[in-house]
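Engineer: The following block contains the structure, expressed as structure tokens.
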Amino acid sequence: MSGEPIFEEKASIAMDVLWSSRNRMSNLVGNVVNINTGDWVRRDSGVGAGIDSYYEYVAKAYILLGEEKYLSRWNTHYSAVMKYLGQVLNISIFLFQT
């Protein structure tokens, strides 16, 4: 939008860090990450307020940039959401351990 490539570069790095920080067993990401340490502050996951933006940005990154890595990530997260969050759980959110 601005024409400055630095913004796309930084956003791509942030997306790569979040992807690499996902739980490898569930393929879900936490809800809040400490931007200074990269540690998850809240490990719960869902599709509600806040975290839904991450999933939206993954899809939009593919649409805007056309990079296959974003489509692959979207499909991986979508499958995980349908697998884990589509179940009736005894709590309203899915917790994961890293």
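The numbers here are math on the coordinates, done by the rules we state, and not lab data. Just so it is clear, the model here is predicted, and its values are computed rather than measured. Positions of Cβ are generated from backbone atoms using ideal geometry, with glycine treated the same way; all protein chains shown enter the neighbour counts.
Engineer: Those residues that are in contact (Cβ under 8 Å) with a residue 24 or more places away in the chain and more than 11 Å from the chain's Cα centre (by Cα), I need them from region 49-64; list them, please. Before the answer, list the steps.
Structural biologist: Filtering region 49-64 down to residues in contact (Cβ under 8 Å) with a residue 24 or more places away in the chain leaves 54-55, 57-58, 61.
Within region 49-64, Ala61 is the sole residue that qualifies.
Engineer: Can you tell me how many residues in region 5-17 are surrounded by 15 or more Cβ atoms within 10 Å (Cβ to Cβ) and small (Gly, Ala, Ser)?
Structural biologist: 1
Engineer: Restricting to region 18-38, and then to whatever is surrounded by 12 or more Cβ atoms within 10 Å (Cβ to Cβ) and not aliphatic (A, V, I, L, M), can you tell me which residue is nearest to Thr76 (Cα to Cα)?
Structural biologist: As a first pass, look at region 18-38 and keep what is surrounded by 12 or more Cβ atoms within 10 Å (Cβ to Cβ): 18-19, 21-23, 26-33.
With not aliphatic (A, V, I, L, M) added as a condition, the list becomes 19, 21-23, 26-27, 30-31.
Values: Trp19: 10, Ser21: 14, Arg22: 11, Asn23: 12, Ser26: 10, Asn27: 7, Gly30: 15, Asn31: 17 Å.
Restricting to residues being surrounded by 12 or more Cβ atoms within 10 Å (Cβ to Cβ) and not aliphatic (A, V, I, L, M), the top hit is Asn27.
Engineer: Could you list, in sequence order, all residues of region 6-29 that are more than 12 Å from the chain's Cα centre (by Cα) and of a type in the set (A, V, I, L, M, F, W, C)?
Structural biologist: If the condition is that a residue be more than 12 Å from the chain's Cα centre (by Cα) and of a type in the set (A, V, I, L, M, F, W, C), then Ile6, Phe7, Ala11, Ile13, Met25 are the ones that fit.
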